[in-house]
Every structure is written in structure tokens, then in C-alpha cells.
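Please read the structure below before turning to the comments.
Just so it is clear, none of the values below were taken in a lab; they were calculated from the coordinates. Since the model is a prediction, treat every value here as computed from it, not as a measurement. Don't worry about glycine lacking a Cβ; one is built from the backbone with ideal geometry, like all the others, and counts go over all protein chains shown.
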Amino acid sequence: MIILGIDPGYDRMGLAVLEKNNGKETLLCSECVKTNRKDSHEKRLLQIGKSIENAALKHKPDVMAIEKLFFTTNQKTAIKVSEARGTALYVAAKYGLRVVELTPLEIKMALTGYGKAEKFQVQKMVAAILKIDISQKIDDEIDAIAAAIACPTRSLN
């Protein structure tokens, strides 16, 4: 099964494609999509949409694992990130991808066994599970990989 992992963001959005096959996970690609702050709002959403669409066309995922949003303070940022998340969901619908929404707690539980794990603990588990060096990867990218790893596939088959 091929999973497209998304860590929603407006300035930076994490994107990862992971293959799960008989208990083995292989990272096919990952990136941090950075939008230009000087571009218009709609142009930035278009860039996000195109990046997700390119990954969907190239890797033909079966499912999108996307992190649910959790905001406590900045409503202006929350709205923009929500719109970026909506762009990702649009692409999922356009390409017929099943969508699995995961909370940060669920992702942390799946990777570390502890829902209040620190970011560095999740990063260590991503590196250990995939046997990769994550030192050159940006946090948002690692979060997208973590969402893809955490995606439950048993119930999707």
C-alpha cells in the first residue's frame, strides 16, 4: 500500500510518500514545500496543491494520511493552515484517495507508544523504523513521514 503523508502548513508543508508492504516500510520520497511569502494567498495554495498533485500522479498512492490541526492561539495562522489542509483534501478527493486523519497524539502513540512524546523522540523513531538519516530533513517533512508511518493499513485493505 502506498501512503501519501501530509503535515499541513501554509509557509511550509511536509509531504512524504511511503510504501507499506508485509510489515516493511520504505520511504519513496519526502519534501518540505515552502511557499513564497511575497506571493498572493491563492498562488501559495496553488503551489501546495500542485506539489501534492505531482506526488499523487507520480506515486499513485492508495491513501492520504493527514495530520488534524490543533491550534490554541493564532487564529489568522490557523485559517491559512486550514485552507492549505483543504487544498490537500481536494487533491485526495480528485484522485480518489482514501483519507485517514490523525491527531498529533495518535501519531506519537503509533511511533513511540506515548502520546505526549517529544518531537525529538518521534524523529528518532522515524529514523529507526525506516533506517534512514534524517539530519538533512526539515521538521515538517519528518512530521509528514511520521503521519504516513502511523497510518493504520489493516482497516484499509
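For the reader, a short list of remarks on this structure follows.
- Gyration tensor (alpha-carbon) shape descriptor, segment 32-82, a/c threshold 1.5: oblate
- Taking a straight line from the alpha carbon of Lys94, these aspartates and glutamates sit under 12 Å away, with near neighbours fewer than eight places off in the same chain left out: Glu53.
- Rounded tilt (10° steps) of 119-130 against the dominant C-alpha axis of the chain: 60
- With 21 Å as the limit, the listed pairs Lys50/Lys124; Lys20/Lys60; Lys43/Lys80; Lys34/Lys108; Lys68/Lys116; Lys34/Lys137 have Lys50/Lys124; Lys34/Lys108 beyond it between alpha carbons.
- Here segment 2-156 is treated with +1 on each Lys and Arg Cβ and -1 on each Asp and Glu Cβ, and its dipole about the Cα centre works out to around 140 debye.
- Set against the labelled values [x] 20.2; [y] 16.0; [z] 15.5, Kirkwood radius over Cα pairs in Å computed from this structure falls on [z].
- Dipole of segment 2-156 [Lys/Arg +1, Asp/Glu -1 at C-beta], most positive-end residue of Tyr95, Met64, Gly23: Tyr95
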